[in-house]
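Below you'll find the structure, written out as structure tokens, and then a few comments.
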Amino acid sequence: MDQQRYSLEQYFEELSDKQNTLLPRPDAYGTLKLQEKINIFTEFEPVKAIVLGCMSDTSRLPSNEPLLVANKDQDLKACQQYPAKICARAREIANEVARKLVERGIEVRALGSKWYKSWVEGYSIDKPLWDAANLIRVGLDIIFLISLGGTESGYQNFKNFMLQRYNGLVRVHPTRVYQGFHIDTTFTTIGYSKILKKYILLANSDRTNPTNIPAIFRGKNWVVLNSPAMIDMGYEPGFQIATPSLGQNILVLNPNLVLIDEYQKPLIEVLQFYGIESLTVKHEIGRSVAGGFHCMANDYSREETIDFEKILGTPIDQLSAEEKAGYFDPVLLNFLQSNGDIEHWEEIANQNAIFPEYLTEHLSFEEKEVLARDHREQIESAKIGVKQFN
């Protein structure tokens with residue numbers, strides 16, 4: 001690993017010596033010196049190192065963007081260039097984020113970048129396709145959003161690859177909670193709460209309900225927090241790419257601290273109620289650039305509580321049930337594995353009345369009653385033949 005890191009640093013030093021115009025400006029925050037080892041299995045353990053994306057003056061909508069293909073009725077034009085004011089504001093936001101992260105001892109790696117042709121043969125829902133933001137890392141479990149950005153065949157290819165690569169230890173769960181691109185506007189894993197003694201999942205209340213929450217989050221070690229309505233900051237005319245749910249696109253720096261849009265006061269207050277602090281930056285252009293703080297970041301090193309690298313390198317017959325479960329409730333995992341394929345785990349859980357626990361302490365009595373009623377109706381409307389799970 002040391003040799004690999006040295007070679008990578010040397011490569012970028014050579015680029016810098018050539019005064020490559022793609023490299024960040026001298027006044028940009030960041031470093032080309034890689035110090036941290038790549039180690040990333042979750043979205044919530046303490047961040048040690050991260051890459052931040054930044055818009056250039058030539059940024060434009062791609063020529064064959066799936067969102068353009070699927071939403072022909074919206075005012076989105078292929079190859080339409082972003083206004084200079086949006087590009088400049090995006091860079092300001094990226095630098096502000098970088099500054100605040102560096103102040104907290106987080107390594108921000110500043111790299112040059114190039115445009116690559118993403119859709120070699122053109123977009124098609126029938127072809128294997130997925131985007132990194134369609135996935136959530138939860139240790140040995142990966143949640144895969146099947147939608148415009150992640151096709152059914154893409155899920156099957158990815159699942160089969162992970163099964164073979166890691167001898168069945170890594171589980172890839174399909175979810176179809178909505179048809180948009182990024183799963184990080186629907187689910188956010190906050191991590192372990194010392195107050196609640198459980199892991200917290202922040203769920204978009206407009207898209208989710210007890211019957212479509214992934215099975216891993218229904219275990220006794222997880223609890224679901226419904227997000228409040230997001231504050232809509234609007235969008236640049238001609239660039240209505242994301243919905244107001246983009247406000248939930250937050251970056252978890254550790255289980256007690258998140259990076260969040262300053263304008264999302266309701267969400268900030270709910271998180272604070274449960275002991276989760278917020279590092280805020282104004283980000284009013286998220287809907288126009290289709291990216292919040294989680295989208296602009298590529299975290300590549302976290303201080304993982306569980307040594308998953310060691311687990312994946314150990315013969316499966318030498319691992320305990322807890323090690324093989326990762327962040328999954330071991331009892332629930334064993335039950336689901338014994339009753340069907342992972343693609344049917346949500347259905348199996350529903351049929352056995354295995355629903356997630358929800359946080360409601362922050363709600364008024366009336367709000368709790370409404371939530372309970374809504375959940376009963378959602379379960380009944382799903383026409384689930386419920387059995388009792390023991």
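The values are calculated or read from the model by the stated rules, or taken from the named source; none is laboratory data. In this text, all values refer to a predicted model and were calculated from it rather than measured experimentally. Heads up, the Cβs are rebuilt from the backbone with ideal geometry, glycines too, and the neighbour counts pull from every protein chain shown.
Kindly evaluate residue 160 against the criterion of being of a type in the set (S, T, N, Q) and outside any helix (DSSP H, G or I). The answer is no for residue 160.
Among the residues of the range 277-322, those identified as in a loop (DSSP other than H, G, I, E, B) and either over 25 Å from residue 90 (Cβ atoms) or basic (Lys, Arg) (or both) are 282, 303, 304, 305, 306, 307, 313, 314, 315, 319, 320. Taken over the range 303-336, the criterion of being buried (at least 16 other Cβ atoms within 10 Å of the Cβ) and more than 24 Å from the chain's Cα centre (by Cα) is satisfied by 335, 336. Inspection of the range 126-133 identifies at least one residue that is at pLDDT below 75 and not in a strand (DSSP E or B).
Just one of the listed residues (225, 257) is without any contact (Cβ under 8 Å) to a residue 24 or more places away in the chain and touching a strand residue (DSSP E or B) at 6+ places or on another chain (Cβ under 8 Å), and it is 257.
Screening residue 184 against (1) at pLDDT below 95; (2) over 26 Å from residue 37 (Cα atoms) leaves a single unmet condition, (2).
Restricting attention to the range 244-257 and to residues that are among the polar types (S, T, N, Q) and assigned to a helix (DSSP H, G or I), the residue that is surrounded by the most Cβ atoms within 10 Å (Cβ to Cβ) turns out to be 248.
When each of 136, 142, 86 is tested for being at pLDDT 85 or above, among the aliphatic types (A, V, I, L, M), closer than 30 Å to residue 344 by Cα and surrounded by fewer than 20 Cβ atoms within 10 Å (Cβ to Cβ), the lone residue that passes is 142.
When you scan the range 362-383, do you find a residue that is in contact with a Lys or Arg (Cβ under 9 Å, 6 or more places away or on another chain), in contact (Cβ under 8 Å) with a residue 12 or more places away in the chain, not aromatic (Phe, Trp, Tyr) and not in a loop (DSSP other than H, G, I, E, B), even just one? Within the range 362-383 (the criterion being in contact with a Lys or Arg (Cβ under 9 Å, 6 or more places away or on another chain), in contact (Cβ under 8 Å) with a residue 12 or more places away in the chain, not aromatic (Phe, Trp, Tyr) and not in a loop (DSSP other than H, G, I, E, B)), the answer is no, since none of the residues qualifies. Scanning the range 225-243 for residues that are among the β-branched types (Val, Ile, Thr) and crowded, with 21+ Cβ neighbours inside 10 Å turns up just one, 241. Go through 213, 260 for me and flag whichever is farther than 28 Å from residue 349 by Cβ and either at pLDDT 90 or above or outside any loop (DSSP other than H, G, I, E, B) (or both). Exactly one of 213, 260 is farther than 28 Å from residue 349 by Cβ and either at pLDDT 90 or above or outside any loop (DSSP other than H, G, I, E, B) (or both), namely 260. When the criteria are applied in full, residue 108 meets the requirement of being surrounded by 10 or more Cβ atoms within 10 Å (Cβ to Cβ), at pLDDT 85 or above and not in a helix (DSSP H, G or I).
Cβ-Cβ contacts under 9 Å between residues 6 or more apart (or on different chains), taken from a first residue in the range 324-345 that is closer than 16 Å to residue 139 by Cα to a second residue that is of a type in the set (Phe, Trp, Tyr) and in a helix (DSSP H, G or I), are listed as 326/308.
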